[in-house]
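Okay, so here's the structure we're looking at.
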Amino acid sequence: MLNHSKYSEEAYAALRIVSGLLFSFHGAQKLLGVLMDPTMMPPVGSQIWFGGVIELVGGVFIMLGLFTCYAGLLASGEMAVAYFQFHWKFAFDSNFFPVVNHGEMAIIYCFLFLYIAIKGAGKWSIMGLVKKTSNKKKR
C-alpha cells in the first residue's frame, strides 16, 4: 500500500509558496504597473489600491511563510469582498454563477487562503525556521 501522506508537508509548502507568489503578482500589477499599462493603475488610497497592498504584501508573506495565519486571513477576506463586490454584484440573474461572472479565481483564492490561514506556515517557511532556532536555544 502506498503512503500518500509521505510528502504532504512538502506539497502544502509548494502550494503555499506558489499561491503566495501568484497572488503577489496581482498586487505588483496594481501598485507598480508590472505587466500592465501604467495609466491603468488605481489612485493611491482607493479600495483597489488597498487591495493591491494586501495582494503584494500578503502574497509575499504567504510565500515566505511569515505571519502566514494573519496574511492568509486578510487575503481570504479580500478575495471574498472581491467576489461579492466586483464579480457577483448581488445580481440574481445569470451573473449569479461564477462561470458567468468570471469569479472562479476569487472564490478559489478565498478558500485557499482560508485554508492557509488555518493550517499556518508549515515546512519551508521563515516561521518554521524561527521555531527551530528558538527550540534549539531552549535545549
### Message
Residue under question is SER134, and the condition is that it be small (Gly, Ala, Ser) and either part of a loop (DSSP other than H, G, I, E, B) or surrounded by 17 or more Cβ atoms within 10 Å (Cβ to Cβ) (or both); does it hold?
### Response
no
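Being within 25 Å of MET127 (Cα to Cα) and of a type in the set (S, T, N, Q) is the filter here; which residues of the range 40-79 pass it?
Going residue by residue through the range 40-79, those that are within 25 Å of MET127 (Cα to Cα) are 51-79.
Matches in the range 40-79: THR68, SER76.
Per-residue answers, yes or no, for (1) in contact with a Pro (Cβ under 7 Å, 6 or more places away or on another chain); (2) surrounded by fewer than 21 Cβ atoms within 10 Å (Cβ to Cβ):
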position: ILE48; (1), (2): yes, yes
position: PHE61; (1), (2): no, no
position: THR68; (1), (2): no, no
position: ALA71; (1), (2): no, no
position: TRP88; (1), (2): no, yes
### Query
Cβ-Cβ below 6 Å, separation at least six or inter-chain, first residue in the range 33-49 and among the β-branched types (Val, Ile, Thr), second surrounded by 13 or more Cβ atoms within 10 Å (Cβ to Cβ) and assigned to a loop (DSSP other than H, G, I, E, B): which pairs?
ILE48/PRO42
### Message
So, in the range 97-127, exactly how many residues are exposed (fewer than 13 other Cβ atoms within 10 Å of the Cβ) and without any contact (Cβ under 8 Å) to a residue 12 or more places away in the chain?
### Response
2
### Query
Consider ALA13 against the criteria (1) closer than 13 Å to VAL53 by Cα; (2) crowded, with 16+ Cβ neighbours inside 10 Å; (3) hydrophobic (A, V, I, L, M, F, W, C): it satisfies all of them except one. Which criterion is unmet?
(1)
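Does SER19 qualify as being modelled with pLDDT of 95 or more, under 30 Å from LYS123 (Cα atoms) and polar (S, T, N, Q)?
Details: modelled with pLDDT of 95 or more: yes; under 30 Å from LYS123 (Cα atoms): yes; polar (S, T, N, Q): yes.
Spelling it out, SER19 is indeed modelled with pLDDT of 95 or more, under 30 Å from LYS123 (Cα atoms) and polar (S, T, N, Q).
Within the range 12-70, track down each residue that is of a type in the set (Phe, Trp, Tyr) and not in a helix (DSSP H, G or I). If you could, list the steps in order and put the result at the bottom.
The initial filter retains those residues of the range 12-70 that are of a type in the set (Phe, Trp, Tyr), namely 12, 23, 25, 49-50, 61, 67, 70.
Within the range 12-70, just PHE67 meets the criteria.
The values are calculated or read from the model by the stated rules, or taken from the named source; none is laboratory data. Small disclaimer: the values here were computed from a predicted structure and weren't measured. Reconstructed Cβ throughout: ideal geometry from the backbone, glycine too, with neighbour counts over all protein chains shown.
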